[in-house]
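Here the structure comes first, spelled out in structure tokens, and everything after it is commentary.
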Amino acid sequence: MRFSQPANEIATPAKNHAPVIKQKALQLFASIIIMALLGLGSVTHVAAAEIRVAVATNFAETIREIARRFEERSEHQVRLAFGSTGKHYAQIKHGAPFDVFFAADMERPRRLEQEGLGIAGSRFTYAVGKLVLWSARADYVDSAGDILGRADFRYLAMANPTHAPYGKAAREVLQGRGLWQALQPKLVRGENIGQTFQFVKTGNAELGFVAWSQVQQPGRPKLGSWWDIPQHLYTPIEQQAILLQRNDAAKSFLAYVRSSEAQALIRAHGYGTL
């Protein structure tokens, strides 16, 4: 609807508004430049939304920090759900309403992409995991892992190799050393790598196969003793993420995960990056 100007009102000459318009234009231009320099343009131009993210347990501490920093830079909220990669995969196949999936392997994201449940071309490696044999006790695990052959312990913890990639890697190490069958009576299996770590941390198992990222935490002393397992003893744990919904807010979050700032944070938590 248009309104006409009353006859007795004297119009202000348009040229008197020019300085104000020019000032506002400069302010807008400056704001755009600042956002571009901070790398925030892709985040702030998307309407505020909740991003539902399924995350492999081993990446819990790292992604909490990534999500916190992302939320500080945007209006979005990140809702995290932790669990084993295999169980998350099954939930997604049965319709769980996640926007993004951070797996502890590359196999499950690849399957979701092939099955049409993940957005084609969105899959990428966000971290490379590292397996260690760890005990909460100092000077308990030797630097070559020979304690496994001596078997002078009650329980050895590992994640379930059916659901958890770190459990699969642990099985490969034991099989490579010819100890898989011999140690069956001593094995306790965590539903995921987080539960496995708790078994060892609390002393319910004297030692166990855990993620290095659980032992190596920024700003915290490394406790206990561990065997840094050579990479050739297990298949590389290449951890991939995939977009599940065509969601601009979720795309914005994944873009931040791939930023140099987030990648540096991932390395600080004990992961490799590609």
Is it fair to say GLN214 is over 17 Å from SER135 (Cα atoms), buried (at least 21 other Cβ atoms within 10 Å of the Cβ), in contact (Cβ under 8 Å) with a residue 40 or more places away in the chain and within 22 Å of the chain's Cα centre (by Cα)? no
When restricted to GLY219, GLY208, the only residue over 16 Å from the mean Cα position of the chain (by Cα) and at pLDDT below 95 is GLY219
Checked pairs for the range 114-128, first surrounded by 18 or more Cβ atoms within 10 Å (Cβ to Cβ), second assigned to a loop (DSSP other than H, G, I, E, B), C-beta under 6 Å and 6 or more apart or across chains, list as GLY118/LEU244; ALA127/TYR271
For HIS269, the lone unmet condition from (1) surrounded by fewer than 18 Cβ atoms within 10 Å (Cβ to Cβ); (2) out of contact with any strand residue (DSSP E or B) (no Cβ under 6 Å at 6 or more places or on another chain) is (1)
On the basis of being charged (D, E, K, R) and under 27 Å from ARG177 (Cβ atoms), does GLU107 make the cut?
yes
By my count, helices (runs of 4 or more DSSP H) wholly in the range 106-216 with at least 3 residues that are assigned by TED's automatic domain parsing to the domain that holds ILE242 are 107-114
Note on GLU238: of the conditions (1) crowded, with 16+ Cβ neighbours inside 10 Å; (2) assigned to a helix (DSSP H, G or I); (3) among the acidic types (Asp, Glu), unmet is (2)
With criteria (1) in contact (Cβ under 8 Å) with a residue 40 or more places away in the chain; (2) surrounded by fewer than 22 Cβ atoms within 10 Å (Cβ to Cβ), ALA164 comes up short on (2)
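The values are calculated or read from the model by the stated rules, or taken from the named source; none is laboratory data. Quick caveat, the model's predicted, so the values are computed rather than measured. For neighbour counting, all protein chains shown are included, and Cβ atoms are generated from backbone atoms with ideal geometry for every residue, glycine included.
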